Amino acid sequence: MHTYPPPAVTFVRGEGSRLWDVDGKAYLDFLGGLAVTSLGHSHPVVADAVATQASTLLHVCNLYGNEIGPEVAGTIDRLMGGGGR
C-alpha cells in the first residue's frame with residue numbers, strides 16, 4: 001500500500017546539510033529529515049553515539065520507558081536554558 005506518490009528523487013548519501021541522489025547530483029537539505037537530522041547527515045559524533053546506542057537498545061514502543069530518553073531530554077532542556085519542567 002502506497003501512502004505517498006512516487007518519490008521525485010531518491011537519495012543515497014548525505015553529509016552535513018547536503019544530500020546526493022542516485023545520479024550523483026547534490027542537493028541542499030532544507031527539511032533536515034523533518035527535524036530528525038537537525039545536526040546534519042553523517043556527523044561523526046552523532047554516528048558514533050547512534051552506533052553505541054543501537055548496539056545496546058535500538059527502539060521500544062512509545063508505551064514503554066527506557067533509560068536514555070529522560071537523560072537526553074534533560075540535557076536538551078539544560079542546553080536550551082529550560083527550567084526542568
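Taken together, the values in this text are just the output of simple stated rules run on the coordinates, not laboratory data. All values reported here derive from a predicted model rather than from experimental measurement.
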**Asked** Amide H to amide H under 5 Å from R13: which residues, 5+ apart in sequence or cross-chain, H placed 1.01 Å off N in plane?
**Response** W20
**Request:** Give me the angle, in degrees from 0 to 90, between the Cα long axis of helix 68-79 and the longest principal axis of the Cα atoms of the chain, rounded to the nearest 10.
**Result:** 90
**Fill in**
Which residues qualify? For D29, with a placed amide H closer than 5 Å and at least 5 residues away or on another chain, they are R18, L19
